[in-house]
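Remarks on the structure that follows.
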Amino acid sequence: MPTSARVSMAMVAQRAGVSGQTVSRVANGSPRVDPETRARVEQAMAELGYRPNRAARELRTGRSQTLGLVAQTLATVGNSRMLQAVADAAASRGYALTVLTLGADADIADAFDRLRDQGVDGAVVLNEATALARDAASAGLRLVVVDSPPDDRFTVIGTDHAAGARLATEHLLAAGHRTVRHLAGPAGSFAAAERERGWREALADAGAEQPDLVRGDWSAASGFDAVMRMPASGVSAIFAANDQMALGALRALAGSGRRVPDDVAVIGFDDIADAANFQPPLTTVRQDFDALGERAVSALVEWIEGARPADLLLEPALIRRASS
């Protein structure tokens with residue numbers, strides 16, 4: 001088999017039965033290639049041992065073939081899943097990924113300056129860092145933000161969190177519950193605020209009482225503590241803003257002798273990998289993290305190679321299991 005140094009794009013094109021331009025587009029991670037054609041070209045590259053020369057490509061195109069990912073933290077389940085999804089999507093397009101976590105006391109200007117100095121072509125920003133993305137405008141970076149209000153300075157790709165919360169709340173009301181308690185996410189989180197909004201709107205449309213919410217921090221421990229602060233009676237349905245808090249709620253209810261769903265129905269949000277193995281299996285709102293990562297990277301690459309793409313919201317789905 002030829003070595004990668006001796007393999008040309010023309011040889012790959014001949015093996016794959018495509019034009020040299022198509023091979024170039026695949027090598028440069030262009031989204032404007034039919035998936036079947038891309039797979040055939042990538043197979044030919046693998047068979048011939050062809051690897052694009054990143055340094056030469058950067059000189060030729062003026063691009064580093066490197067994307068940034070910015071997050072406040074990677075400790076949450078949602079952010080860790082988004083990291084995996086973005087990394088996979090970037091790799092499939094031939095892009096490297098630089099990850100920047102900000103922490104609680106980050107110097108935001110310095111953080112985005114570091115990304116610019118590293119020559120990234122653009123960055124994906126996860127939702128807890130949404131407000132921080134606005135500070136990056138002066139850094140001259142193309143940004144795709146996952147979950148954010150619309151903003152002229154960047155493209156937004158997200159889940160319709162309010163619609164998902166509506167699905168959960170309406171499901172519980174349709175099951176005969178007079179109202180639904182809400183275990184909300186942390187103040188300042190766009191996703192948490194949208195899920196709260198959907199819960200409130202569903203209750204208002206049904207003419208149901210809107211009880212005071214209890215706020216957690218996305219962790220199972222905070223879900224446990226929140227339910228322990230709820231009244232011992234008068235609570236028949238709980239919508240938790242994520243599955244981890246729902247897990248804590250299940251433990252609190254079991255510890256107090258309340259059966260799920262007989263005494264209290266519980267619904268979460270996210271549909272994490274273990275949700276089906278909770279006791280009982282958790283009804284939850286599924287957001288597709290793989291699709292979010294794919295769409296975010298696709299939008300960013302499209303912007304890098306041409307015009308800025310439009311915002312996009314993905315529809316969630318209610319996954320019904322035993323807890324409701």
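Hey, can you tell me all the residues within the range 176-202 that are among the β-branched types (Val, Ile, Thr) and either part of a helix (DSSP H, G or I) or buried (at least 22 other Cβ atoms within 10 Å of the Cβ) (or both)?
Scanning the range 176-202 gives a single hit, Val180.
From the list Val227, Val301, the lone residue that is surrounded by 24 or more Cβ atoms within 10 Å (Cβ to Cβ) and closer than 30 Å to Tyr95 by Cα is Val301.
The rows are residues; the columns are (1) at pLDDT below 85; (2) under 22 Å from Ser219 (Cβ atoms); (3) among the aromatic types (Phe, Trp, Tyr).
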| site | (1), (2), (3) |
| --- | --- |
| Met82 | no, yes, no |
| Ala85 | no, yes, no |
| Ala104 | yes, yes, no |
| Arg114 | yes, no, no |
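If only one of Arg259, Arg251 is out of contact with any Lys or Arg (no Cβ under 8 Å at 6 or more places or on another chain), basic (Lys, Arg) and farther than 17 Å from Asp225 by Cα, which one is it?
The match here is Arg259.
Residues checked against (1) closer than 22 Å to Gln84 by Cβ; (2) touching a strand residue (DSSP E or B) at 6+ places or on another chain (Cβ under 6 Å); (3) modelled with pLDDT under 95:
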{"residue": "Trp199", "(1), (2), (3)": "no, yes, no"}
{"residue": "Leu203", "(1), (2), (3)": "no, no, no"}
{"residue": "Ser233", "(1), (2), (3)": "no, no, yes"}
{"residue": "Ala241", "(1), (2), (3)": "yes, yes, no"}
{"residue": "Gly257", "(1), (2), (3)": "no, no, yes"}
{"residue": "Val266", "(1), (2), (3)": "no, yes, no"}
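Taken together, Ala273, Ala246, Ala291, Ala296 contain a single residue that is farther than 19 Å from Val180 by Cα, within 20 Å of the chain's Cα centre (by Cα), buried (at least 19 other Cβ atoms within 10 Å of the Cβ) and aliphatic (A, V, I, L, M), which is Ala296.
The values are calculated or read from the model by the stated rules, or taken from the named source; none is laboratory data. In this text the structure is predicted, and so the values were computed from the model without any measurement. Methodologically, a virtual Cβ is constructed for each residue, glycine included, from the backbone with ideal geometry; neighbour enumeration extends over all protein chains shown.
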